[in-house]
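Step one of this worksheet: look at the structure below.
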Amino acid sequence: MKIISIINLKGGVAKTISSINIAYTLVKEHGKKVLLIDNDKQGNTSKFFRLHGDNNDGIAELLTVRDLDIKDVIQQTQYEGLDIITANMNLLRANKEILLDVSRAQQTRLRKALAQLDDEYDYCIIDNAPDINMTVINALVASDDVLVPIKVDQFTFDGLKQLVDQIEDVREFNDNLTFRGCFITMFQKNSVNKQGSEYLFSSTDYPLFHTKIRKTVKVDETTFAGKPLLDYKKSTAGQDYRELVNEYLNM
């Protein structure tokens, strides 16, 4: 099972939408079995699939309850081949409990739990909070690859250096972790986006995917419908996520 963390320390970059649609594209277009992990206390990925609940056991309990079987916190979505581990505000408590509990390893709990599922899934996609805390560190320690969605604006790389530095620090526990690159989201064919993307491709040291995710109102519509783009109306963004996944698989 390949584990991919989707993360950016900056909010509003379509991190959750990207996690959902990358996961679903792997299921629908490539016939893969995918586990999606909501690792953000806001629980937006869980809400998208109508599986959010304040009393649900999810990622927080998996990281704090000793000897909890990971299969007890996995839920099926309405899409065959796509399962989820949900999140809620219990992640606030979980981050504190992990820090206070020095009786067992703090950074490797998720990796050990996911090791039980190596033969169950082809991919695991982790939708991470825009933060560096113990649950996000657990995700990075468990991951093989990191993908970073970015929006073209003045603040595009805010926090990215800190994230890259954190990835380097995490290699103490996971020397296989690879920063695969950034991909542009909410792209519009205007002068600001064109000039900004050209600058990013020519003047940055960070790896960048060629595929850009175009801005479309259908992305917002899917959050109300609870349907991934490829299962909703035909859209440019749905086509773009298909191309992004293809580009990633062909790296």
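The values are calculated or read from the model by the stated rules, or taken from the named source; none is laboratory data. Because the structure is a prediction, the values reported are computed rather than measured. Positions of Cβ are generated from backbone atoms using ideal geometry, with glycine treated the same way; all protein chains shown enter the neighbour counts.
When residues of the range 47-75 are filtered for being under 14 Å from Asn138 (Cβ atoms), of a type outside the set (Gly, Ala, Ser) and under 17 Å from the mean Cα position of the chain (by Cα), how many remain? Of the residues in the range 47-75, 1 are under 14 Å from Asn138 (Cβ atoms), of a type outside the set (Gly, Ala, Ser) and under 17 Å from the mean Cα position of the chain (by Cα). Selection within the range 96-114: residues that are more than 12 Å from Ala139 (Cβ to Cβ) and not aliphatic (A, V, I, L, M). The member of this set that is surrounded by the fewest Cβ atoms within 10 Å (Cβ to Cβ) is Ser103. In the set Tyr206, Tyr232, Tyr241, Tyr199, only one residue is touching an Asp or Glu at 6+ places or on another chain (Cβ under 8 Å) and not aliphatic (A, V, I, L, M); that residue is Tyr232. For the range 198-210, the criterion of being surrounded by 15 or more Cβ atoms within 10 Å (Cβ to Cβ) and either more than 19 Å from the chain's Cα centre (by Cα) or modelled with pLDDT of 95 or more (or both) is met by at least one residue. State whether one or more residues within the range 174-183 are over 30 Å from Glu198 (Cβ atoms) and in contact (Cβ under 8 Å) with a residue 60 or more places away in the chain. Within the range 174-183 (the criterion being over 30 Å from Glu198 (Cβ atoms) and in contact (Cβ under 8 Å) with a residue 60 or more places away in the chain), the answer is yes, since at least one residue qualifies.
Taking every residue in the range 13-34 that is free of Cβ contacts under 8 Å to residues at least 60 places away in the same chain and pairing it with any residue that is of a type outside the set (Gly, Ala, Ser), at least 6 positions away or on another chain, the pairs with Cβ-Cβ distances below 6 Å are Val27/Val34; Val27/Leu82. Within the range 180-197, how many residues are surrounded by fewer than 13 Cβ atoms within 10 Å (Cβ to Cβ) and of a type in the set (Val, Ile, Thr)? Residues flagged as surrounded by fewer than 13 Cβ atoms within 10 Å (Cβ to Cβ) and of a type in the set (Val, Ile, Thr) within the range 180-197 amount to 1. The residues of the range 226-250 that are out of contact with any Leu (no Cβ under 9 Å at 6 or more places or on another chain), at pLDDT below 90 and over 17 Å from Val27 (Cα atoms), listed by number, are Lys233, Lys234.
Taking the range 169-251 as the region of interest, the helices (runs of 4 or more DSSP H) fully inside it that hold 3 or more residues being farther than 21 Å from Ala23 by Cβ are 191-203. Condition test on Asn44, is it polar (S, T, N, Q), at pLDDT below 95 and out of contact with any strand residue (DSSP E or B) (no Cβ under 7 Å at 6 or more places or on another chain)? Spelling it out, it is not the case that Asn44 is polar (S, T, N, Q), at pLDDT below 95 and out of contact with any strand residue (DSSP E or B) (no Cβ under 7 Å at 6 or more places or on another chain).
Inspection of the range 34-57 identifies no residue that is surrounded by fewer than 19 Cβ atoms within 10 Å (Cβ to Cβ), touching an Asp or Glu at 6+ places or on another chain (Cβ under 7 Å) and either more than 19 Å from Ala113 (Cα to Cα) or aliphatic (A, V, I, L, M) (or both). Looking only at residues of the range 45-54 that are in a helix (DSSP H, G or I) and touching a residue at least 60 places away in the same chain (Cβ under 8 Å), we find that the one that is nearest to Pro130 (Cα to Cα) is Thr45.
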